[in-house]
Amino acid sequence: MKRHPHETRSECIIRHVRVFLRGSAMSEQSYAADVVEVYHARTPAGRRCMKFHEGGDPYRDMRANGQIIGRILNGDVKMPVDLEESLILALPEEDARLCWVDLAERVGRLSVAHPQDGIEGMTADLGRLASDFGQFFESAGPLLHDLSIDARDDRAQLMQARDRARQLVAQASGFVHEISEALREQDHARTHLREVG
């Protein structure tokens, strides 16, 4: 993944949206409709800074909302902070994940998804962790042909291995957090039992 150290936060989001739209069959208007739906679901009516068209002819509303989002994506109108999450969450999961990773990296942080609840969610997360582990080794393997990773290695392979290692660390970090929380709860329960007993 190519890094863009001098772009603004809004430019980072717009870049990810543009990459998604170029690589998909979805139109900007359809994407805008998804953004509006996410925005309305996440932002209470009285607190919305963006006013989208709704309640009229659905086709006209979609076209008008597409123009609003299009102006933001073209840089004609500044992106409101309230709209950032909706623009990202309207992307497919992998495109959204890559955008969150870039945004976190801008401030020296790691984007870590919270593990899913329930047995199905945790099983899926463990499967994703195992898959990420395999993908990392698949990408790191060619770099180790000479038993070292250094500047002589192929740049594209280095970047791919780095990105996959970050993904693996982020996935594992979510589990570390959940395990740490469980240990804290046990410690709290033990302390409480000692105080009562």
(message) Looking at region 169-185, I want the residues that are in the same structural domain as ARG128 (by TED's automatic domain parsing) and have a partner that is outside any helix (DSSP H, G or I) and aromatic (Phe, Trp, Tyr) with Cβ atoms under 6 Å, at least 6 apart or on another chain. Which pairs are those?
(response) none
(request) Please work out if SER111 is surrounded by 11 or more Cβ atoms within 10 Å (Cβ to Cβ), in a helix (DSSP H, G or I) and not hydrophobic (A, V, I, L, M, F, W, C). (result) no
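Quick grid of which residues meet (1) farther than 19 Å from TRP100 by Cα; (2) small (Gly, Ala, Ser):
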site: GLY134; (1), (2): yes, yes
site: LEU144; (1), (2): yes, no
site: GLY174; (1), (2): no, yes
site: HIS192; (1), (2): yes, no
(request) Those residues that are farther than 20 Å from ARG106 by Cα and assigned to a loop (DSSP other than H, G, I, E, B), I need them from region 1-24; list them, please. (result) GLY23, SER24
(message) Going through ASP125, ASP76, ASP132, ASP82 one at a time, which residue ends up being surrounded by 14 or more Cβ atoms within 10 Å (Cβ to Cβ) and assigned by TED's automatic domain parsing to the domain that holds ALA32?
(response) ASP82
(request) Kindly provide the set of residues from region 135-148 that are surrounded by fewer than 16 Cβ atoms within 10 Å (Cβ to Cβ) and of a type outside the set (Asp, Glu), ordered by number. (result) PHE137, GLY141, PRO142, LEU144, HIS145, LEU147, SER148
(request) Would you point out which residue out of LEU144, LEU110, LEU168 is farther than 30 Å from ASN65 by Cα, among the hydrophobic types (A, V, I, L, M, F, W, C) and over 19 Å from the mean Cα position of the chain (by Cα)? (result) LEU144
(message) For region 60-72, check the following and say yes or no: at least one residue is outside any helix (DSSP H, G or I) and either surrounded by 16 or more Cβ atoms within 10 Å (Cβ to Cβ) or touching a strand residue (DSSP E or B) at 6+ places or on another chain (Cβ under 7 Å) (or both).
(response) no
(request) Quick one: in region 151-163, of everything that is loosely packed, with under 14 Cβ neighbours inside 10 Å and within 26 Å of ASP102 (Cβ to Cβ), which residue is nearest to the chain's Cα centre (by Cα)? (result) ALA156
(request) Within region 35-53, track down each residue that is part of a helix (DSSP H, G or I) and either closer than 18 Å to ASN74 by Cβ or not assigned by TED's automatic domain parsing to the domain that holds GLN67 (or both). (result) VAL35, VAL36
(request) Quickly run through region 139-168 and pick out the residues that are among the hydrophobic types (A, V, I, L, M, F, W, C) and either in contact (Cβ under 8 Å) with a residue 60 or more places away in the chain or in a helix (DSSP H, G or I) (or both). (result) ALA140, LEU143, LEU144, ALA156, LEU158, MET159, ALA161, ALA165, LEU168
(request) Would you point out the residue of region 25-34, among those that are of a type outside the set (Ser, Thr, Tyr) and in a loop (DSSP other than H, G, I, E, B), that is nearest to PRO58 (Cα to Cα)? (result) MET26
(request) Kindly establish whether ASP125 is at pLDDT below 85, touching a Pro at 6+ places or on another chain (Cβ under 7 Å) and in a helix (DSSP H, G or I). (result) yes
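The values are calculated or read from the model by the stated rules, or taken from the named source; none is laboratory data. Since the structure is predicted, the reported quantities are computational estimates derived from the model, not experimental observations. Please note: Cβ atoms are built from the backbone with ideal geometry, for glycine as well, and neighbour counts cover all protein chains shown.
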